[in-house]
Amino acid sequence: MRACFRLSLLASCIGLSLSAQAQSTQEDMPDDFTLCPATEAVPPFEDVPEAGIHLGNLSDRSTLPTDIEGDSLSGTDVAPQFEGNVALKRGDQFLGADKLKYDSEQQNYIAEGNIRYQDSAMRLTAERAEGNQAEDRHKIEDLRYQLVARRGNGESSQIDLKGAQGTLHDSTYSTCDPEDRNWELRAKRIDVDSAEGMAVARNAVLRIGDVPVMYVPWFMFPIDERRRTGLLFPGIGNSDRNGIDYKQPIYINIAPDQDATLYPRIMTARGALLGGEYRYLNARGRGTFTGAYMPKDDLLKERDPTDDSARGHFSYNAFQNLTRNWQARANLMHISDPRYFEDFNNSINGIAITSAHSDLGLFGRGRTWNAGLMADRWQLADYTLDESSLPWDRLPRAFASWEDRVLPWFTAGVDAEAVRFQKDAAIRLASLPGAPVVFAEGGGSRFDIKPFIQMPLEGPSWFIRPTLAWRYTAYQVDAEFANARRVTRSPTRSLPIGSVDAGLFFDRETSFDDEAYLQTIEPRIFYLRVPYRDQSLLPVFDTGALTFSWGQMFRDNRFSGADRQADANQLSVALTTRLIRESDGKERLSASIGQIKYFDESLVTLPNQAPIPQGKSAWIADAAWSPSDRWTLGASYQYNPTLGEKDLLSVRGRYLLPNDGIVNLSYRYRRSVSEQTDFSFLYPINDTWSVVGRHYWSILDSKPLEQIAGVQWDSCCIAVRFVARRYVENREGDLSRGFMLEIELKGLGSAGQDTRKQLRRAIVGYNRGDLYLVPPNTATGQAPTDPDLTQ
């Protein structure tokens, strides 16, 4: 018997069509249904086979046998009738009824009374089902359904199926509890085409509670995982700078491995903007093009009434695996003007970015080596600077390194680099008083190689690593640049570098609060010897003095690039202790302290910087303590004995509240640079209500950098978030205010601005999974990669 074959289409017609909106708006944070009760619209049936076939493999079912059982069998072989606890089973499908009649000649069937159906996608109950197998025509009446793989339930007065086509009448869908419908989608009619994966809803109404909030006479949407061209949920916001801000994403499905999204946007205080994103994917790589164009920005008019400039940006990010060891990568960015990031980014990150960086290259890596050939370029993104402040473009740069064990006791290696530096504003030309500053291009080439040999000796509780290296650097500098910067055209530098790194590990078992711990004491010393070479006539392309930190005590150079190699006769002494819980390996306490002893004055410097005198460096101390699994406390401190005052102080604390709440508090001080406090929190009032906030304050400037206050309401299937913000919007320090409102219908989508993205950026731990993530690349001064740079 095959009387139930096409009933499987019901899952694709109802289960997928009405939940399609949820599939098109999935976020990196999944919907949270923890507040939902366990009740379901259609409880699980008893004596049902395991769901063994996925919904998409409908063709597999036609090859499986169908079994029909019942308490009694009557009729004839041509027209059998089953009555009492009728059960039709095939694969993952189950159909239960009080009575089933089947006409084997005409292939008609009628199932009546207590209809129960289940497959791998959904469960449903109905009053009556009938159809014709030959014509592939079916009708089911008065049904209620429950999705199996995802939340979602609803009702329909009738569904008519004809092959791959289906029509639902008076249908509803919601992810809420059946007894508490906070939101519900109702449609008079939904026409479904399973072959094309599309559906059309007519006279659809979205209700929140009993209130209809949106009526749509006609709209088309996908019913399966296949991507479809159409509108995505809009974003709406308001701020002092932009006014009312409306963005309507339009998704375009080009091919299985290509798609695009357009972002038309209206800002009532500034004008219209069109953004876009194109993505492609292949077996060995992927890439994304993004861009935006604004023909006229009224914000520029406020600054200069004669400025009618168009604004925009373009970016391309991609990688392509060429072989097992080699990969091509591209990260290209171009902006229309130096204030673009500042004006189109509604966070302090837009002010922190001073340049747009682009690079393109071929990179390889093996077990003992890595190498690359690349080029990069910088563009000014800070109108308060001129182009002479930009880093040097490297056109091109080739580099390679190798390290391997060469003898039983020795490891050898080499680091090498050849690069051509170029800058449009390399040379500042003389100009008359009051005239614009004029620059000329220039640059030079540099070759740097550093072979080394190391003798790594170590045991379970000790290590000693003597290392001997030789560094050779040669330049070829353009004549005009050499004259302007007063450097030699073809200088070289050659010098040895010797170091010894040694440490011990002591440990003991101890207990604290009736728990077993392992306590360690780890002394370490690092001696560095580098002879002095006069490097004052060497150009400075990509080299800067490193900020003094813990890691610098164990480096062989206090400069970041190859243009300067510091002379040294110094000894670093450090001590670390840890308290590790033996039950799970959690580090409850770590504390470190260290200092460098300079036996001789370090004479190699960058221009306009002083040598490091003989004596001692600042003390560096760092500690982290977790008094409980909810508390985390930490502090960093640098004390300068020469000046008799602190260079750096950082204090931080975090407390994890129940129900995913969190409180963060920090204080940061760096002498003559900054002094800031940062307080942020997510405080759950109860299971449904919570408040969020941030107070990020600059003590030196006596003004806020960012302030956030918001409230969240989260129920079983609907969430509402309202956030008010006050933040520094430009380099003049002007403050802007903005309001964000987001209404999220779980399983369907959200309307308004993406408040969760803003809160994850501002409150570390807002999404508990981000507690230990590295900050985004915008923190390092690189360009953001959002499609419209405005999230």
Under Stokes-Einstein, segment 80-122 at 10 °C and 1.306 mPa s, with its Kirkwood radius over C-alpha pairs, diffuses with a coefficient in µm²/s of 146
Considering the alpha-carbon set of segment 453-525 alone, what are its Rg and its Dmax in angstrom?
24.1, 73
Once amide hydrogens are built 1.01 Å from N within the peptide plane, the residues lying 5 or more places from R128 or on another chain with amide H under 5 Å from its amide H are E141
Sort the chain into rounded, prolate or oblate with this rule: let a ≥ b ≥ c be the square roots of the eigenvalues of the Cα gyration tensor; rounded if a/c is under 1.5, and if a/c is not under 1.5, prolate when a/b is larger than b/c, oblate otherwise.
prolate
HN-Hα J in Hz across segment 668-682 - Karplus 6.51, -1.76, 1.60, θ = phi - 60°, x for Gly and Pro:
10, 9, 10, 4, 6, 10, 7, 8, 9, 10, 9, 10, 9, 7, 10
Contour minus Cα-Cα distance for A474 and W218 (0.36 nm per residue):
85.0 nm
Accessible-area composition of the chain, carbon plus sulfur, in percent [1.4 Å probe]:
55
For segment 113-161 and segment 500-563, what is the centre-to-centre distance using only Cα atoms, to the nearest Å?
69
Positive-end extreme of charge dipole, segment 480-530 - chosen from T520, F505, A482 (charges on Cβ):
A482
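Run the helix sum for the chain: -39,500 (n - 2.57) per DSSP H stretch of 4+ residues, divided by residue count, reported at 222 nm to the nearest 500 deg cm²/dmol.
Details: 7 runs with 37 residues, N = 791.
The helix contribution divided over the chain gives -1000 deg cm²/dmol.
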What do you get when you divide the Cα radius of gyration of segment 291-345 by 2.2 N^0.38 Å, with N the number of residues?
1.68
State, to one decimal in nm, how far the label point of L274 lies from the label point of T677, with both points 7 Å from Cα in the Cβ direction.
5.0
Radius, Kirkwood style, for segment 407-479 when every pair of distinct Cα atoms is counted (Å)
16.4
Give the accessible area for K646 in Å² (nearest 10); use a 1.4 Å probe, count only protein heavy atoms, and leave out ligands, DNA and RNA.
70
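Which value, in nm² and rounded to one decimal, describes the direction-averaged projected area of the C-alpha convex hull of segment 650-764?
Details: hull surface 31.4 nm².
Computed as one quarter of the Cα hull surface, the answer is 7.8 nm².
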Work out, step by step, the length gained on full extension between A328 and D513: first 0.36 nm times the residue separation, then minus their alpha carbon distance; give nm to one decimal.
61.2 nm
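What size of dipole, in debye to the nearest 20, comes out for the chain about its Cα centre when the only charges are +1 on Lys and Arg C-beta atoms and -1 on Asp and Glu C-beta atoms? Intermediate values should be presented prior to the final figure.
Values: 89 positive and 106 negative charges, 606 e Å.
It comes to approximately 2920 debye.
So, for the chain, what is the accessible surface per residue at a probe of 1.4 Å, expressed in square angstrom?
Working: 38820 Å² over 791 residues.
Ligands and nucleic acids excluded, the result is 49 Å² per residue.
Rounded, prolate or oblate, given the Cα gyration tensor of segment 531-598, with a/c below 1.5 counting as rounded?
Details: a/c = 4.87, a/b = 2.54, b/c = 1.92.
Here segment 531-598 falls in the prolate category.
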For segment 267-274, just list the computed ³J(HN,Hα) in residue order, Karplus coefficients 6.51, -1.76 and 1.60, θ = phi - 60°, integers in Hz, with x standing in for Gly and Pro.
10, 4, 8, 9, x, 9, 9, 10
Sequence-distant or interchain residues sharing an amide H contact under 5 Å with N203, placed H: which?
W218
Label point at A283 placed 7 Å out along Cα→Cβ; residues across segment 241-263 whose backbone nitrogen lies under 17 Å
256-258
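Roughly speaking, what is the stretch gain from E458 to V205, that is 0.36 nm per residue apart minus the C-alpha to C-alpha distance, in nm to one decimal?
On the way: separation 253, 0.36 × 253 = 91.08 nm, distance 7.23 nm.
So the chain would gain 83.8 nm between E458 and V205.
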Checked against the positive end of the charge dipole of the chain (+1 on Cβ of Lys and Arg, -1 on Cβ of Asp and Glu, about the Cα centre), the farthest of H138, G113, F447 is F447
Cα gyration tensor category, rounded, prolate or oblate, for segment 226-337 with a/c compared to 1.5:
oblate
Given +1 on the Cβ of Lys and Arg, -1 on the Cβ of Asp and Glu, and no further charges, what dipole in debye does segment 606-725 carry about its Cα centre, rounded to the nearest 20?
260
Taking r as the C-beta separation of K757 and A412 and R0 as 45 Å, the FRET efficiency to the nearest 0.05 is 0.40
Protein chains only, probe 1.4 Å: how do H695, H138 rank by accessible area, largest first?
H695, H138
What distance in nm separates the simple spin-label points at I236 and L741, each placed 7 Å from Cα in the Cβ direction?
0.7
Placing each pseudo-label 7 Å from Cα in the direction of the beta carbon, F599 and A134 end up separated by a distance in nanometres of 10.4
Among T167, G765, W470, whose Cα sits farthest toward the positive end of the charge dipole of the chain (+1 at Cβ of Lys/Arg, -1 at Cβ of Asp/Glu, about the Cα centre)?
W470
Please give the charge dipole size of segment 367-462, origin at the Cα centre, charges +1 on K and R Cβ atoms and -1 on D and E Cβ atoms. Round to the nearest 20 debye.
220
Using only the Cα atoms of segment 584-690, what semi-axes does the equivalent ellipsoid have when each is the square root of 5 times a gyration tensor eigenvalue? Give whole Å, largest first.
39, 17, 9
How many angstrom lie between the C-alpha centres of segment 637-662 and segment 255-273?
43
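The values are calculated or read from the model by the stated rules, or taken from the named source; none is laboratory data. Just so it is clear, the structure is predicted and the values come from calculations on it, not from any experiment. Cβ atoms come from the backbone with ideal geometry, glycine included; neighbour counts cover every protein chain shown. Accessible surface is based on the protein model in full, side chains and every heavy atom, while ligands, DNA and RNA are left aside. Shrake-Rupley method; radii C 1.70, N 1.55, O 1.52, S 1.80 Å.
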